[in-house]
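Visitor: Quick one: this structure, given as structure tokens, is what I'll be asking you about.
What follows draws every value from the coordinates through simple rules; no lab data is involved. It should be emphasised that the depicted structure is a prediction, and the values quoted were computed from it without experimental measurement. A quick note on method: Cβ atoms are made from the backbone with ideal geometry, for glycine too, and the neighbour counts reach across all protein chains shown.
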């Protein structure tokens, strides 16, 4: 296995070959967070336990005034599906003059057809092995299930796959098989997020994944997906963790970082990257003119 520094240098060479010297820093202040289920989730996943739904506005009382976009998400049922069709009239009202990013889970095609006119982009979590799905979500879903759902969603909308690094309580295992799946599907963009030990969850006492392991995975992804836009997303540990990880991510060739640490800005400047800033969820890209 090559040393991390050598791998990062190779990843940077790949980035230089395929991309202009630019990087996007997203501060998603103008994207409203809306839950279709309030703070309810039937799965009670080990890494979340519904805690993150508490920071979202329930759809039935959401007031996204001032937001130019919205994330439409919610808790899952016992088959890993977000109930996306339950409040469509309310979503239609929210969508006026706003772009919508949907988190849908393992939904079926009839549900996707219903929401398709209201979708600008879908954020779809990819899990690369059944053990991780079982231990984290408590459902029996295979990589083939994720691959099939991803392919189906792409027939109806732009889909940005997400991989959670360290999803199984900080341990790596499913991530490279997930990349295999996305390589077979010729994914053109990937968002990486990082497991956060969260108080009140079953994984609360688990460690965040080692920063060097995360950086290695990002560098490997850049080499394996030379032309894909790679994002380091909003869900990752804060403070000292970001101060160490974010500049490594810049050097490993990611295209987008959400809420970057100061050290990432410094690394971008040292590498001669022109910084573009956005104020919405990173999957939207540049704001529409």
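Visitor: Which residue, 111, 67, 147, tops the fluctuation ranking in a GNM of the chain built on C-alpha contacts under 10 Å?
Guide: Judging by the Gaussian network model, the answer is 111.
Visitor: While we're here: What order do you get for 65, 227 when you list them from fewest to most C-beta neighbours inside 10 Å?
Guide: The fewest-first ordering by Cβ neighbours comes to 65, 227.
Visitor: Here's a follow-up. If neighbour count is taken as other Cβ atoms inside 10 Å, put 150, 241 in order from fewest to most.
Guide: Arranged by neighbour count, lowest to highest, 150, 241 become 241, 150.
Visitor: Additional query: Working out 0.36 nm times the residue gap between residue 60 and residue 154, then minus their Cα-Cα distance, what length gain in nm do you get to one decimal?
Guide: Separation in residues times 0.36 nm, less the Cα-Cα distance, equals 31.0 nm.
Visitor: A further question follows. I'd like the FRET efficiency for residue 171 and residue 266, computed as 1/(1 + (r/R0)^6) with the beta carbon distance as r and R0 of 25 Å, rounded to 0.05.
Guide: It comes out at approximately 0.20.
Visitor: Can you give the relative contact order of region 160-289 as a percent, counting alpha carbon pairs under 8 Å and 6+ residues apart?
Guide: Value for region 160-289: 21 percent.
Visitor: Another question, if that's okay. Taking the Cα atoms only, what angle lies between the long axis of helix 211-224 and the longest principal axis of the chain, rounded to 10 degrees?
Guide: With both axes taken from Cα atoms, the answer is about 90 degrees.
Visitor: I've got another one for you. Can you tell me the relative contact order of region 1-154? Whole percent, Cα pairs under 8 Å, sequence separation 6 or more. Don't skip to the end; give the middle numbers.
Guide: Numbers: 228 pairs, mean separation 29.5, N = 154.
Computed over region 1-154, the figure is 19 percent.
Visitor: Suppose a student asked you for the relative contact order of region 4-284, using Cα pairs under 8 Å spaced at least 6 residues apart; what percent would you report?
Guide: Relative CO of region 4-284 lands at 25 percent.
Visitor: Could you work out how far apart the two model spin labels at residue 78 and residue 13 are, taking each label as a point 7 Å from the Cα in the direction of the beta carbon, and quote it in nm?
Guide: Each label point lies 7 Å from its Cα, and together they span 5.4 nm.
Visitor: A follow-up question, please. For 81, 168, what's the fewest-to-most ordering of other Cβ within 10 Å of each Cβ?
Guide: 81, 168
Visitor: Which of 110, 64, 21 moves the most in a Gaussian network model of the chain with Cα springs under 10 Å?
Guide: For the chain, modelled as a Gaussian network with Cα springs under 10 Å, the answer is 110.
Visitor: More than 24 angstrom separation, counting every C-alpha pair in region 170-282; what % is that? The partial results should precede the final answer.
Guide: Values: 1558 of 6328 pairs.
Tail of P(r) above 24 Å: 25 percent of Cα pairs.
Visitor: Given N residues in region 75-159, what is Rg(Cα) / (2.2 N^0.38 Å)?
Guide: 1.12
Visitor: OK, next. Per 0.36 nm of contour for each residue apart, how much would the distance between residue 184 and residue 198 grow if the chain were fully extended, relative to their Cα-Cα spacing?
Guide: That works out to 1.7 nm of additional length.
Visitor: Provide the FRET efficiency to the nearest 0.05 for the residue 4-residue 40 pair, computing r from the beta carbons and using R0 = 51 Å.
Guide: Between residue 4 and residue 40 the formula returns 0.75.
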